[in-house]
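The values are calculated or read from the model by the stated rules, or taken from the named source; none is laboratory data. These figures come from a predicted structure and were not determined experimentally. We place every Cβ from the backbone using ideal geometry, glycine too, and count neighbours over all the protein chains shown. Accessible surface is based on the protein model in full, side chains and every heavy atom, while ligands, DNA and RNA are left aside. Shrake-Rupley method; radii C 1.70, N 1.55, O 1.52, S 1.80 Å.
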Amino acid sequence: MKVFVAGLGVISSIGNGVEENFDSLVSGRHGIHNLSEEIDLHLPGFPVGKVSFSNAQLAETTGCGRNWPRAALLSLFAAKEAVKPISHQKNLRIGFISATTVGGMDQTEEGFFEWQQNGKINRRKFVHHECGRQAELVAEFLGIDGFVTTLNTACSSSANSIILASRLIKNNIVDVAIAGGTDALTKFTLNGFSTLLILDNNLCRPFDATRAGLNLGEGAGYLLLAGEHALDVANLTATCELRGYANANDAFHQTASSAEGTGSFLAMRGALESGNLFPSEISYINLHGTGTTNNDASEATAIQKLFEDKIPLLSSTKSFTGHTLGASGGIEAVFSVLSIERKMVYPNLRVSSPMPEIAAIPVLSARTSNISHVLSNSFGFGGNCSSLLFSAI
Amino acid sequence: MKAYITAASTISPVSVSVSGRIMPTEKSFDEPFMFDELCASDYIDSRTSRRMSRIMKAGLAGALMCLEKSVVKMPDAIITGTGFGCLEDTAAFMGKLSHAEGLFLNPTAFIQSTHNTIAGTIALHLKCHGDNNTFSQLGFSFESALIDTLLLLHEKKANHVLLGGFDENIGFLTDTLHSFRSLRKSSVKMVALGEGVSFFMLSESPVGETPVKISFRSVNNRNMNDVLPVVNEMIKESGEPCLILTGTNGDELNDRSYQSLYDYLNRIQVVEYKKYCGEYPTAPAFAHWLATHILTLGGSQFNNPERILVYNHSRGKNHSFTMFSK
């Protein structure tokens, strides 16, 4: 059975909704304007990609009007957009497969600090802590009572949600699924990445030889996936096919990637094999491309080895949005689908010196291109590497 | 969906006698059920384990214990589920944050706080490049991992999958998180909080000395009218269970669904397993270990059942049934 994309939803520092995001991508307009002191006073000077809506605005615009954690609000915004094509359907088995790395941490850390200062536990700050709670809130609000679950494999989380959703459809467990993920900027993650010494004090430069680290971002991105039967039953329009995917583990180090890019290589090759395509048939790779010395070298090495002298067009959209952690797989899946739908390749911002590990330069300005097949990479801590393969139909 | 459990291990509050008898922990009623991770030193050298939290030590050791019992030494995939993740390291990093104010923080706690740390550590230890996933969906975390595992075997993407379910109890934070878990508060009779690590080798064929066959079904919505027909279908397929393990916890609203099953399958032996392991999101993983143990080594304590049905739900949703047979 084939699985198709029939809907999209996204929110990030470059826009609220699909059209704003796409517009920013083709206009070269990044969203990394805010600084870390807005998230943590004690950690100044790091650029971050913050979603423009406040929690109150998100709560109002989605209609939920409640004091949810930011990750749940972002998730609802994007999931609502993705689910529109089936919002009146009654006869479909609908799954909600989400992902997040730190769930309701923005509220938890507030509650924790309050407790440390005055010894009082404000229970309302902890009620939505767990990763799975975000999906539970959103699914209940959207009236989805089918299969709901949450993955957490660090930065590859929402790519793995999309993979699972596809398999649930192919195995006749659900008819359609909203799949992707969400993460919000928190003191916890900002300080965590800072201690790892991989944050750039300036705007990040993925796939540049002199890159100096990543910028954190936030957001949510979801695909509406449907099997062939559901397309007919619900009268949906498929925009492209989720033709292949793979999940592999680098098994090298807790946080660093191997120099050979073993995990990345296995994930990309696995996605090609599952979709029955040769490397030369790929039009564009939406890179994981965080801007860290380690990831980009590892990813570039793996791409060079797999594609040899047929390296496709490349760009990292993290140069626009920052690294949105658990949401990145989902947000970048949306961008990859749009690339096929609208025959557009996005630039990789702020590249001036090519990397020695790869005999190709990323795309420098947005351009139209006949895109047949796109690979979207997501690699995370714990060696978790995933690749998604989307194809024009 | 069907498969075989060909090895199983647990690091949990329960102790097992030489003859396979399950012995409940000696403790007062409201004291939490805690596991003893000292056995981890048999599997992890002290230099490696020195910086690991309790859950990380127990997680890696539990996996290695399972592999020790298994005829399969390298799984094709590693899939785990955890409701709370690595709380000790999460709290440790948050604690340092609130005091640090710009001082240099140690990254170890942050790195180890991520939910997929244990699945990643196991892959690293084994040099296993196969599929690797971690699920965190409250009381459906282990079942989500089980479903992913069964799908991998069914799709022939894997012949053997290492599946784990674990959660830890660190006191204040766990107590606070759990206080929202009961559907209605009736703390006097509720089973105490617990923690535990359970690992399984799931195989598509019955390898090893004592394979146990399992089949699994779940109903995601709250409607009990949809749930009992599923039990009926499982019974038609596998036969009636001789023993049922249920996730009752003393909370009246939670326990109502289990009572519906007792009424439906009257006069069947019941073990309310949380009296051995306590309440935590992946307690169902312990129940799966217990069922496997009873069918392989510990049958005499429970009248040597041929078939066991494990039933759990998570706050009225995700009613999950696993039928175990010899």
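Observations, loosely collected:
- Subset of region B:82-108 that is more than 8 Å from chain A (Cβ to nearest Cβ) and touching a Lys or Arg at 6+ places or on another chain (Cβ under 7 Å) - its residue that is nearest to A:Thr149 (Cα to Cα): B:Glu88
- Residue identified as touching a residue at least 40 places away in the same chain (Cβ under 8 Å), within 19 Å of the chain's Cα centre (by Cα) and open to solvent by 20 Å² or more (accessible area, probe 1.4 Å) among B:Lys57, B:Lys69: B:Lys69
- Taken as a whole, region A:78-95 holds no residue that is hydroxyl-bearing (Ser, Thr, Tyr) and in contact with a Leu (Cβ under 8 Å, 6 or more places away or on another chain).
- For A:Asn21: the one exception among (1) over 24 Å from A:Asn152 (Cα atoms); (2) open to solvent by less than 20 Å² (accessible area, probe 1.4 Å); (3) in a loop (DSSP other than H, G, I, E, B); (4) touching a Gly at 6+ places or on another chain (Cβ under 7 Å): (3)
- Single unsatisfied condition, B:Ala91 versus (1) in a helix (DSSP H, G or I); (2) of a type outside the set (D, E, K, R); (3) open to solvent by less than 10 Å² (accessible area, probe 1.4 Å); (4) touching a Leu at 6+ places or on another chain (Cβ under 6 Å): (3)
- Of all residues making up region A:174-186, the number that are out of contact with any strand residue (DSSP E or B) (no Cβ under 8 Å at 6 or more places or on another chain) and over 20 Å from A:Thr321 (Cβ atoms): 0
- All of (1) free of Cβ contacts under 8 Å to residues at least 60 places away in the same chain; (2) within 11 Å of chain A (Cβ to nearest Cβ); (3) of a type outside the set (A, V, I, L, M, F, W, C) hold for B:Gly139 with one exception: (1).
- Whichever residue in region A:226-254 is open to solvent by less than 30 Å² (accessible area, probe 1.4 Å) and not in a strand (DSSP E or B) and, among such residues, is nearest to B:Ala123 (Cα to Cα): A:Ala251
- Count - residues of region A:120-149 that are assigned to a loop (DSSP other than H, G, I, E, B) and under 23 Å from the mean Cα position of the chain (by Cα): 5
- Only one entry in B:Thr296, B:Thr322 is of a type in the set (S, T, N, Q) and more than 23 Å from B:Val191 (Cα to Cα), namely B:Thr296.
- The C-beta contact set for region A:266-284 (first residue under 24 Å from A:Pro347 (Cβ atoms), second residue open to solvent by 40 Å² or more (accessible area, probe 1.4 Å), distance under 8 angstrom, 6+ apart or interchain) comprises A:Pro279/A:Glu308; A:Pro279/A:Lys310; A:Ser280/A:Lys310; A:Glu281/A:Ser372; A:Ser283/A:Leu313; A:Ser283/A:Asn370; A:Ser283/A:Ser372; A:Tyr284/A:Leu313.
- Matching residues in region A:176-203 - criterion: being in contact (Cβ under 8 Å) with a residue 24 or more places away in the chain, open to solvent by 30 Å² or more (accessible area, probe 1.4 Å) and not in a helix (DSSP H, G or I): A:Leu196, A:Ile198, A:Asn201, A:Asn202, A:Leu203
- If you go through region A:150-165 and pick out every residue that is outside any strand (DSSP E or B) and at the interface with chain B (Cβ under 7 Å from one of its Cβ atoms), you end up with 4.
- Residues of region A:103-130 that turn out to be more than 10 Å from chain B (Cβ to nearest Cβ), surrounded by 15 or more Cβ atoms within 10 Å (Cβ to Cβ) and of a type in the set (S, T, N, Q), as a count: 1
- Qualifying residue in region B:11-19 (condition: open to solvent by 20 Å² or more (accessible area, probe 1.4 Å), free of Cβ contacts under 8 Å to residues at least 40 places away in the same chain and in contact with an Asp or Glu (Cβ under 8 Å, 6 or more places away or on another chain)): no
- Check on A:Leu76, within 11 Å of chain B (Cβ to nearest Cβ), under 19 Å from the mean Cα position of the chain (by Cα), within 27 Å of A:His323 (Cα to Cα) and surrounded by 24 or more Cβ atoms within 10 Å (Cβ to Cβ): no
- Only one of the numbered conditions (1) within 14 Å of chain B (Cβ to nearest Cβ); (2) within 18 Å of the chain's Cα centre (by Cα); (3) surrounded by 23 or more Cβ atoms within 10 Å (Cβ to Cβ) is violated by A:Ala220, and that is (1).
- Flag if B:Arg315 is of a type in the set (D, E, K, R) and surrounded by fewer than 17 Cβ atoms within 10 Å (Cβ to Cβ): no
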